[in-house]
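Undergrad: This is the structure I want to talk about, given as structure tokens.
The values are calculated or read from the model by the stated rules, or taken from the named source; none is laboratory data. Source: prediction; values computed, not measured. Here the Cβ positions follow ideal geometry from the backbone for every residue, glycine too, while neighbour counts run over all protein chains shown. What goes into the accessible areas is simple: the full protein's heavy atoms, side chains included, and nothing from ligands, DNA or RNA. Shrake-Rupley method; radii C 1.70, N 1.55, O 1.52, S 1.80 Å.
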Amino acid sequence: MTARCSRPRVRALAWVLCIIGLVAAAGLVVSTGRAAGIAGTGVAGAPLRKIAEFELPGPPGKRFDYLATDEDDNYLLSAHLGAGLLHVIDLRTNAVVRTVRDVPGVEGVAYIAEGRKVYTANWGENKIGVIDVAHMTVVKRLPTEAKPDGIAYAAPFHKAYVSNERAKAESIIDVRTDTIVKVLRFDSETGVPQYDRVARKVYVNLQDQNIFAVIDPAADTVVGRYPVQGCRGNHGMAIDPEHHRAFLACEGNDTLTVFNLDTHRAIAHLPMAKGAGVVMFDRDLERVYVACSSGAISVFQMDDPTHFRKLQDFPVEPKIHSLAVDPQTHRVYAPAEQEKGRPVAKMFVFEAVTN
């Protein structure tokens, strides 16, 4: 649309009306452009807002890894891999209430409600550490395969599943006796396992082959292996049991793949920032967060089980590999090993923005 006004010999009233017309036309164009922008991104602003930060004990500049929540005690458990420490944080006050030592190279961490204990996957010694929550001390060590990583807790089956990434294996622990009862072997490095409480199955990524494997915890047998189309290097994973969806971080092609757990097929691919690590799903907000070490948290929204959209690569400090979501407050916690180019040991806290 084009409009013209001629100054010479135009009466004042006509001139004013012409200007009003131009402004109205411009407003229409701006409004249309904004509407198109909203349709493309789905948000009118950043999906996260930093609301707090606090120091963590231990040496600065050392890598962090997985986090987990202990909802019985309202604790956040943060694995400080490079320092060989496990930080226990009170989610109500953001205060570090204890730091557990003697967990060398701790990567995975899981709260085991049965027995009120914590399992840590200690890469530095290739063992699973068993921590008594009441005293926050290591009470047992279970020898495992090479590079224990993620841990999934299948409470109804009294078992925990540990991915031994380099050994291409999955160790299965009876949490009642703290003993390894079986080891499943694969022909691929294993990614982060997840327990689906609705389907009552355990999922694990076979990241060298872009395969999604399904384990039946009743028999501890592999009951399915499915190719993940459009994905290279599926390591990180979160699941939405109610809607039968898995969210896979494909590190090789910087893609978040949405996987239908009923049809065993990829149904959506969304671009994400480089260096994808931990994936988390906020069930109530129906949001997916991916910690990307390039300096972003990639945020995605599920509008319904068949429609997904990217909200933003929310900028954060580089080398943030992991995050956790508090299901009660919807706050996102991300540990950082550097800030503005200098080494630190910090936890950043973000609030979800929904309007």
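Undergrad: Output the residue which, of all residues in the range 192-201 that are in a strand (DSSP E or B) and under 14 Å from ALA238 (Cβ atoms), is nearest to the chain's Cα centre (by Cα).
TA: Residue satisfying both the conditions and the ranking: GLN194.
Undergrad: Within the range 48-90, track down each residue that is surrounded by fewer than 18 Cβ atoms within 10 Å (Cβ to Cβ) and either in contact with a Phe, Trp or Tyr (Cβ under 6 Å, 6 or more places away or on another chain) or polar (S, T, N, Q) (or both).
TA: If the condition is that a residue be surrounded by fewer than 18 Cβ atoms within 10 Å (Cβ to Cβ) and either in contact with a Phe, Trp or Tyr (Cβ under 6 Å, 6 or more places away or on another chain) or polar (S, T, N, Q) (or both), then LYS50, GLU53, ASN74 are the ones that fit.
Undergrad: Every residue in the range 139-153 that is more than 23 Å from SER78 (Cβ to Cβ) and surrounded by 21 or more Cβ atoms within 10 Å (Cβ to Cβ), please.
TA: Across the range 139-153, there are no qualifying residues.
Residues are listed down the side, and each one gets a yes or a no for (1) over 24 Å from VAL279 (Cα atoms); (2) of a type in the set (Ser, Thr, Tyr); (3) outside any loop (DSSP other than H, G, I, E, B):
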residue: THR99; (1), (2), (3): yes, yes, yes
residue: PRO104; (1), (2), (3): no, no, no
residue: GLY108; (1), (2), (3): no, no, yes
residue: GLY115; (1), (2), (3): yes, no, no
residue: VAL118; (1), (2), (3): no, no, yes
residue: VAL130; (1), (2), (3): yes, no, yes
residue: LYS140; (1), (2), (3): yes, no, yes
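Undergrad: Now, a different point. Mind counting the residues in the range 181-211 that are touching a residue at least 24 places away in the same chain (Cβ under 8 Å), open to solvent by 20 Å² or more (accessible area, probe 1.4 Å) and in contact with a Pro (Cβ under 8 Å, 6 or more places away or on another chain)?
TA: 6
Undergrad: Of the conditions (1) over 19 Å from the mean Cα position of the chain (by Cα); (2) open to solvent by less than 60 Å² (accessible area, probe 1.4 Å), HIS135 clears all except one; give me its number.
TA: Status for HIS135: all satisfied but (2).
Undergrad: Here's a follow-up. Say we look at the range 265-321 and pick out the residues that are at positive phi and of a type in the set (D, E, K, R); which of these is least open to solvent (accessible area, probe 1.4 Å)?
TA: Selected residue: GLU286.
Undergrad: For the range 37-47, does any single residue satisfy the condition of being of a type outside the set (Asp, Glu) and at pLDDT 95 or above?
TA: Checked against the condition, which is being of a type outside the set (Asp, Glu) and at pLDDT 95 or above, the range 37-47 yields at least one hit.
Undergrad: Do any residues in the range 253-277 that are without any contact (Cβ under 8 Å) to a residue 24 or more places away in the chain and over 18 Å from ILE320 (Cα atoms) have Cβ atoms under 9 Å from those of residues that are surrounded by fewer than 21 Cβ atoms within 10 Å (Cβ to Cβ) and among the charged types (D, E, K, R), where the two are at least six apart or on different chains, and which pairs are they?
TA: ASN253/ARG232
Residue by residue, here is whether (1) open to solvent by 20 Å² or more (accessible area, probe 1.4 Å); (2) aromatic (Phe, Trp, Tyr); (3) assigned to a loop (DSSP other than H, G, I, E, B); (4) touching a strand residue (DSSP E or B) at 6+ places or on another chain (Cβ under 8 Å) holds:
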| site | (1), (2), (3), (4) |
| --- | --- |
| VAL222 | yes, no, no, yes |
| ARG232 | yes, no, yes, yes |
| ALA238 | no, no, no, yes |
| PHE247 | no, yes, no, yes |
| ASN253 | yes, no, yes, no |
| LEU256 | no, no, no, yes |
